[in-house]
Each structure stands twice: as structure tokens, then as C-alpha cells.
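The values are calculated or read from the model by the stated rules, or taken from the named source; none is laboratory data. Not measured: the values here are computed from a predicted model. So basically every Cβ, Gly included, is an ideal-geometry build from the backbone, and we count neighbours across all protein chains shown.
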């Protein structure tokens, strides 16, 4: 029986997604992308899952696309198939970015090429102090196809994006060039604990409010402030009729912790 290349465990409102190809440095193979889609289907169908944490098994977060499979496509003369696979990968990673649930990356090791594209789709990025991060596509003459350019240029200044893309360098997680990509660097042995504590805290908040915030932030990105203000007001008007909003107001007036249901 083929082992799953993505492990999913939902505990106390947190869905832990662990890439499970440690022997291949969690390279994004066709099977892994299929398994990741299946895991995301489970999460979407579980109303008790409020937060997602993505990390890797073994010493790597993800070394990117599986170049052995890329070469197999080329050896078969199946260039269209390779393009379809890259497109499938891009759409799968976008499911994380578009998820109404907050997504935390716990970068436990090297995150390069597709691995960097994966963390670019996460809302919050925590990284071990031993992690190395970079685009890396240029090292083997490969082009980004799952957001390495499109998302990176919205995360860091243009000259830094160019440095990462054109050099293929891998940088320590705490490097100043990665400001905007990495939110917090923690000791390697503490990474999962810190990610778990943050995820548990977020899981206690209103999932409905957080989903509205995330969607509004994405829609307001690269828009004039006036457009963003309009989006905020529209969202606020939609949200104030919710049970979560009423619960928050009641809890405040009653000096107690709110209990949110996401309704």
C-alpha cells in the first residue's frame, strides 16, 4: 500500500498538514499534490477545523518541484503534460491562499522553489533558525510556475525579489532580504510548539470574522485605499448580523471570554 505523502491530523480546531516525503526532501510530486488536494477537501468539509498549519516531515520543509518527474515528462516528449502538472500545482497551492481559514507555515528546514511558493500562499510564516529559504529555480534553468514571481513581487521590494529570483540563492530565515516573507524566526526545537500555540490562539477567535478579514485583505491588495475602505464597510455591514458579532458584544459587556461558533 502506497503511503500518503501528506499527513493530516485535526486537533482542537487546528488542521496539521505535514508533507511526508522526507527521503525526497518533501519535493512536490504528482502524488503529493494529489494527496494535498485530498487533505484540503477533508479540511473544507470539517467545520471544526478553524486553522491550518503546514510543515514538513524530516529535515526539509520542501525542496520544490520533483525535477525527476519533470525530466520524465520531457523524456516522453510530453511538454503539455508538464505544463498541466505545473498548473495543477499552482491551483492546489492557491487553495491554501484562498482558504477562509488562517494558514500558518511552520518552515522546519529548506524551502526552495516550489517550497517557497508554498509558504508564499500562507498567511503567517514561522521559520526555524536553521531554515534556508530562496527561489532556487534559476539553479537548474527552471521557471517559477506556481506563484514564485507573481506572489514574491507583492511580498518584498522589487530589487529583493529580483535578487532572490535571479541569483537562486538560499538565505537563512533571519536574513534581512526575507523580511516580508518570514514573520518570526524561532529556535528549531521550539518551532512546532510556537506554531501550535499561535494556531490554538487563532482557533479560539471568530472563524467568520477571520474569514471576512482574510477575504477583504486579499481583495484590497494593490487597490487604492478608497477601494479598500469601501470593501471594509461592505464586509462590516454583512458581518454585524452574525451570531459571532453578537457573541463578541455580549462577552465584552459581561466581562467574559467569547465563545464563537462561526455563524
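Conditions (1) under 14 Å from residue 125 (Cα atoms); (2) out of contact with any strand residue (DSSP E or B) (no Cβ under 9 Å at 6 or more places or on another chain), marked per residue:
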{"position": "174", "(1), (2)": "yes, no"}
{"position": "181", "(1), (2)": "yes, no"}
{"position": "189", "(1), (2)": "no, no"}
{"position": "196", "(1), (2)": "yes, no"}
{"position": "215", "(1), (2)": "no, yes"}
{"position": "220", "(1), (2)": "no, yes"}
### Query
Can you tell me which residues in the stretch 45-60 are closer than 21 Å to residue 127 by Cβ and surrounded by 21 or more Cβ atoms within 10 Å (Cβ to Cβ)?
51, 52, 53, 54, 55, 56, 60
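Residue 42: surrounded by fewer than 23 Cβ atoms within 10 Å (Cβ to Cβ), assigned by TED's automatic domain parsing to the domain that holds residue 97 and out of contact with any helix residue (DSSP H, G or I) (no Cβ under 7 Å at 6 or more places or on another chain), yes or no?
Yes; evaluated as a whole, the condition is true for this residue.
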### Considering residues of the stretch 170-192 that are at pLDDT below 95 and touching a helix residue (DSSP H, G or I) at 6+ places or on another chain (Cβ under 8 Å) only, the residue surrounded by the most Cβ atoms within 10 Å (Cβ to Cβ)
181
#### Entry: Members of the stretch 244-259 found to be within 30 Å of the chain's Cα centre (by Cα) and farther than 20 Å from residue 216 by Cβ, listed by number
247, 257, 258, 259
### Query
For the stretch 230-246, does any single residue satisfy the condition of being in contact (Cβ under 8 Å) with a residue 40 or more places away in the chain and either outside any loop (DSSP other than H, G, I, E, B) or closer than 25 Å to residue 155 by Cβ (or both)?
no
### Task
Report whether or not residue 259 is within 17 Å of residue 104 (Cα to Cα) and touching a helix residue (DSSP H, G or I) at 6+ places or on another chain (Cβ under 7 Å).
no
### Message
Being under 23 Å from residue 202 (Cβ atoms), touching a helix residue (DSSP H, G or I) at 6+ places or on another chain (Cβ under 8 Å), surrounded by 14 or more Cβ atoms within 10 Å (Cβ to Cβ) and in contact (Cβ under 8 Å) with a residue 60 or more places away in the chain: is that true of residue 126 here?
### Response
yes
### Summary
Every listed condition ((1) in a helix (DSSP H, G or I); (2) within 26 Å of the chain's Cα centre (by Cα); (3) over 30 Å from residue 156 (Cβ atoms)) holds for residue 262 save (1)
### Task
Answer yes if at least one residue in the stretch 193-204 is over 30 Å from residue 239 (Cα atoms), surrounded by 16 or more Cβ atoms within 10 Å (Cβ to Cβ), in contact (Cβ under 8 Å) with a residue 12 or more places away in the chain and under 15 Å from the mean Cα position of the chain (by Cα), and no otherwise.
no
#### Entry: Single match in 105, 138 (criterion: surrounded by 24 or more Cβ atoms within 10 Å (Cβ to Cβ) and in the same structural domain as residue 187 (by TED's automatic domain parsing))
105
### Message
Against the definition (closer than 30 Å to residue 65 by Cβ and surrounded by fewer than 18 Cβ atoms within 10 Å (Cβ to Cβ)), how does residue 259 come out, yes or no?
### Response
no
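Can you tell me which of 34, 4 is touching a helix residue (DSSP H, G or I) at 6+ places or on another chain (Cβ under 9 Å) and either in a helix (DSSP H, G or I) or under 28 Å from residue 210 (Cα atoms) (or both)?
34
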